[in-house]
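**Q** I have a structure I would like to understand better, so I am pasting it below and will then ask my questions one at a time.
The values are calculated or read from the model by the stated rules, or taken from the named source; none is laboratory data. What you are looking at is a predicted structure, and each value in this text was computed from that prediction instead of being measured. Because the Cβ atoms are built from the backbone with ideal geometry, glycine has one as well, and the counts that use them run over all protein chains shown.
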Amino acid sequence: MKIIGLTGGIASGKSTASRTLRELGTIIIDADEVARCTVVPGSPAWSDIVEFFGRDILNSDNTINREKLGLRVFAHPDYLKKLNEMTHPRIMEEIKRRLKLAAREHPEGVLVLEVPLLYETHMEVLCDVVWVVWVDLDTQINRLMLRDGISREDALRRIQSQMPLDEKAQRANLVIDNTGSLDKMRQFINDNYYRIVKNV
């Protein structure tokens, strides 16, 4: 099985790139989806988060309100570090479990490991190649403000909590420029999938 690590920054277009690759027949492991599974009510990670941050970050059904939690942690770097300590080892364990299962069931397949913090969590070591979805900082800020309905200051704070996109791009095997049209990005992904993936 061939593994493409897909990463980028917040509001850079990773999900769009991932959907395009899914349409090409790849298997997708989405770290955000895995993360949501690890914090379902009653799970060990959920209990740790509620104990540390308090029950006011919960919805009425006891699920974690990601928006409330996000506002809390992005305003305090120490809180973000604490949250990562509670969740990342459990997320990594589940991702590795899914990778083993996919390799067993689809030994000739292509799998996309979509991880926002791929380099920060050193998961690039699990991949054959890494593709980074890139946009310039102003585009990233404006898209995040529009998407989440937040201020420029809040958008910048969230972006700065991650490794700079330019640094990720420098480390990538392929950079997907998402500053243009959606069709242009999709065509670029298609071309490189068939050109590169078959020779990974």
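**Q** State whether the residues of region 61-71 include one that is modelled with pLDDT of 95 or more and either touching a Gly at 6+ places or on another chain (Cβ under 7 Å) or exposed (fewer than 13 other Cβ atoms within 10 Å of the Cβ) (or both).
**A** yes
**Q** So, one more: Considering each residue of region 17-49, count those that are in contact (Cβ under 8 Å) with a residue 40 or more places away in the chain, surrounded by fewer than 17 Cβ atoms within 10 Å (Cβ to Cβ) and either farther than 20 Å from V73 by Cβ or in contact with a strand residue (DSSP E or B) (Cβ under 9 Å, 6 or more places away or on another chain) (or both), and give that number.
**A** Residues that pass the stated criteria total 5.
**Q** Still on this structure, please answer the following. Considering region 124-147 alone, what residues qualify as being in contact with a Gly (Cβ under 6 Å, 6 or more places away or on another chain) and within 15 Å of N192 (Cα to Cα)?
**A** Scanning region 124-147 gives V130, V132, V133.
**Q** Filter region 144-162 down to residues that are outside any helix (DSSP H, G or I) and in contact with a Leu (Cβ under 8 Å, 6 or more places away or on another chain), then give me how many there are.
**A** 3
**Q** List pairs: first in region 107-134 and in contact (Cβ under 8 Å) with a residue 12 or more places away in the chain and surrounded by fewer than 20 Cβ atoms within 10 Å (Cβ to Cβ), second outside any strand (DSSP E or B) and of a type in the set (D, E), Cβ under 6 Å, 6+ apart or cross-chain?
**A** none
**Q** Output yes when any residue across region 23-37 is in contact with a His (Cβ under 9 Å, 6 or more places away or on another chain), among the β-branched types (V, I, T) and either modelled with pLDDT under 95 or under 30 Å from N190 (Cα atoms) (or both), and no when none is.
**A** The answer is yes; a qualifying residue exists.
**Q** Identify the single condition in (1) closer than 30 Å to L71 by Cβ; (2) out of contact with any Leu (no Cβ under 9 Å at 6 or more places or on another chain); (3) of a type in the set (D, E, K, R) that D183 does not satisfy, given that it satisfies every other one.
**A** Tallying (1) closer than 30 Å to L71 by Cβ; (2) out of contact with any Leu (no Cβ under 9 Å at 6 or more places or on another chain); (3) of a type in the set (D, E, K, R), D183 fails exactly one: (1).
**Q** Then there is this: Assess whether I141 counts as being within 13 Å of the chain's Cα centre (by Cα), modelled with pLDDT of 95 or more, part of a helix (DSSP H, G or I) and surrounded by 13 or more Cβ atoms within 10 Å (Cβ to Cβ).
**A** no
**Q** Now a separate question. Which count do you get for residues in region 129-149 that are out of contact with any helix residue (DSSP H, G or I) (no Cβ under 6 Å at 6 or more places or on another chain), of a type outside the set (S, T, N, Q) and under 16 Å from D177 (Cβ atoms)?
**A** Result for region 129-149: 6.
**Q** Quick check on my filter: what residues within region 168-191 are assigned to a helix (DSSP H, G or I) and in contact (Cβ under 8 Å) with a residue 24 or more places away in the chain? Spell out the reasoning first.
**A** As a first pass, look at region 168-191 and keep what is assigned to a helix (DSSP H, G or I): 168-171, 182-191.
Answer for region 168-191, where residues must be assigned to a helix (DSSP H, G or I) and in contact (Cβ under 8 Å) with a residue 24 or more places away in the chain: K168, A169, R171, L182, M185, R186, I189, N190.
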